[in-house]
Amino acid sequence: METTRQQRIARLIQKDLSDIFLRFTRALGGVLVSVSEVRISPDLAIAHVYLSIFPQNKVAETMVTIENEKGRIRGEMGTLERHQLRIIPELHFHLDETIDRMERIDELLKQ
């Protein structure tokens, strides 16, 4: 169970990463990346970031690009949060598949 501090920091990271990905995806052209959830470790050193990417056919190449740019993304996050966090957490990106699961369940229910 997350503490209140972890939840506050996770929301801060989610907001800042959303702004960063908004600027980042303009360069990608035609890809929408949204940060659906952030979970932070108890020691505030690791942030697990769950991303939702649209359209589905560009998910793999977008995830590869994000992994390659992880250092730059963390650097930008550091400049945004330098007065609020002592340590900028290491970022681990994961694909959020809840929308896909919801669509599959919806299709199964229609049958």
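Just so you know, all these numbers are worked out from the coordinates, no wet-lab data involved. The structure displayed is predicted, hence computed values, not measured ones. Quick reminder, even Gly has a Cβ in these numbers, built from the backbone with ideal geometry, and neighbours come from all protein chains shown.
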Here the residues within segment 3-60 that are under 19 Å from Arg86 (Cα atoms), among the basic types (Lys, Arg) and not in a strand (DSSP E or B) are Arg5, Arg8, Arg11, Lys15
If a residue has to be surrounded by fewer than 16 Cβ atoms within 10 Å (Cβ to Cβ) and either more than 16 Å from the chain's Cα centre (by Cα) or not small (Gly, Ala, Ser) (or both) to count, how many in segment 1-27 make the cut? 14
Qualifying residues in segment 74-103 (those that are basic (Lys, Arg) and not in a loop (DSSP other than H, G, I, E, B)) - the one nearest to the chain's Cα centre (by Cα): Arg74
Checklist (1) crowded, with 16+ Cβ neighbours inside 10 Å; (2) in contact with a helix residue (DSSP H, G or I) (Cβ under 7 Å, 6 or more places away or on another chain) applied to Val59, failing item: (2)
The lone exception for Ala45 - which of (1) within 18 Å of Arg72 (Cα to Cα); (2) out of contact with any Pro (no Cβ under 6 Å at 6 or more places or on another chain) it fails: (2)
Within segment 46-73, restricting attention to residues that are of a type in the set (Gly, Ala, Ser) and over 11 Å from the mean Cα position of the chain (by Cα), which residue is nearest to Gln14 (Cα to Cα)? Gly71
Reported set for segment 1-31 where residues are of a type in the set (A, V, I, L, M, F, W, C) and closer than 12 Å to Met77 by Cα is Leu12, Ile13, Leu17, Ile20, Phe21
